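The values are calculated or read from the model by the stated rules, or taken from the named source; none is laboratory data. What you are looking at is a predicted structure, and each value in this text was computed from that prediction instead of being measured. Methodologically, a virtual Cβ is constructed for each residue, glycine included, from the backbone with ideal geometry; neighbour enumeration extends over all protein chains shown. Ligands, DNA and RNA are stripped out before the accessible areas are found, and what is left, the full protein with its side chains, is counted by its heavy atoms. Shrake-Rupley method; radii C 1.70, N 1.55, O 1.52, S 1.80 Å.
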Amino acid sequence: MAALLQGASASPFVRKVRVALAEKGIPYDLDPVVPFNVSPEYKKRSPLGKIPCFTPKDGVHIPDSSVIIAYLERTHPAKPLYPENAEEFARALFLEEYADSALVQALAVPFFQRIIAPLFLNQKTDDAAIKTALEVTAPPLLAWLDEQIGKKKFFVADRLTIADIAIASPFVNFMHSGETIDAKKYPNLARFLAEMHERPSFKAVIEEERALFGRAA
Ligand SMILES: N[C@@H](CCC(=O)N[C@@H](CS)C(=O)NCC(=O)O)C(=O)O
């Protein structure tokens, strides 16, 4: 049985796992579970009802993107995604947390309001929510990332880690919603994102998603 990843590809957390799987060269099948009213069977696998959930072998179900990638690191240690050094390891985990929490919350707003709400939930776009996300919530988060990456290619340890994957993932949703990162305000971050999204691992999923959302990403 090939490993199975469950979750709709537009989720930043599903994308994060897909990119990690690609970087490690692990084959898998994708079951695009949408996280609204999930089935009781899916909830047995992922008790919080969230996507993604990974099934590497019969009877083993691993929910949560961070947990899945930590598991993959144990089962496929080649092409490591976590730094060896303890301080760098802690730094990478914090950047992953930063991305998965505040950054996803801010960047997902235009995507949710312009695409998910009208197309999938029959709800109107809340323009005020988008304005607050773009003008109030996102700027300090982006400024901090821009300062942290500086002229470096990667956030931690001079090589690709979980931090880079987690940070670059939600920006794909941001771009699908028609937004761009202002390269004048955030030149380092814009350069980092352009390079990350050109990696074959990101490029493949972005192209697949672009076909779904019909926008240039
Ligand atoms: N910490 C989780 C977060 C996953 C998550 O929030 N996924 C969203 C989709 S992007 C979801 O399933 N939301 C449905 C819900 O919260 O019920 C992870 O890293 O996998």
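Worth pointing out:
- Cα centroid separation, region 34-104 to region 117-159 (Å): 21
- Legend: residue pairs LYS124/LYS151; LYS44/LYS152; LYS50/LYS185; LYS57/LYS79; LYS44/LYS131, Cα-Cα distance threshold 32 Å; pairs beyond threshold, LYS124/LYS151; LYS44/LYS152; LYS50/LYS185; LYS44/LYS131.
- Of GLY59, GLY25, GLY49, the residue with the greatest mean-square motion in the GNM of the chain, using alpha carbon springs below 10 Å, is GLY59.
- With Cα atoms as the point set, region 65-154 shows a radius of gyration and Dmax of 17.0, 48 Å.
- Estimated purely from DSSP H runs of n ≥ 4, each contributing -39500 (n - 2.57), the mean residue ellipticity at 222 nm for the chain is -15500 deg cm²/dmol once divided by its residues.
- GNM on the chain, alpha-carbon springs under 10 angstrom: the most fluctuating residue among GLN123, GLN105, GLN113 is GLN123.
- Listed values for region 149-161 are Karplus-derived 3J(HN,Hα) couplings in whole Hz (6.51 cos²θ - 1.76 cosθ + 1.60, θ = phi - 60°), namely 6, x, 8, 6, 7, 10, 5, 9, 6, 6, 8, 4, 9, and x replaces Gly and Pro.
- Available extension along the chain between ALA143 and LYS184 is 13.6 nm, counting 0.36 nm per residue and deducting the alpha carbon span.
- At q = 0.15, 0.18, 0.25 Å⁻¹, base-10 log of I(q)/I(0) for region 133-213 (Debye sum, equal scatterers on each alpha carbon): -0.53, -0.76, -1.35
- Beta bridge orientation in the chain: antiparallel %, DSSP, nearest 5: 60
- Each Cα pair under 8 Å and six or more residues apart adds its separation to the average, and for the chain the resulting relative contact order is 22 percent.
- Summing charges over all other residues whose Cβ lies under 14 Å from the Cβ of CYS53, with Lys and Arg as +1 and Asp and Glu as -1, gives +3.
- Expressed in Å, the radius of gyration and Dmax of the Cα atoms of the chain are 16.9, 50.
- Residue-normalised accessible area of region 89-217, given per residue in Å² at a 1.4 Å probe: 48
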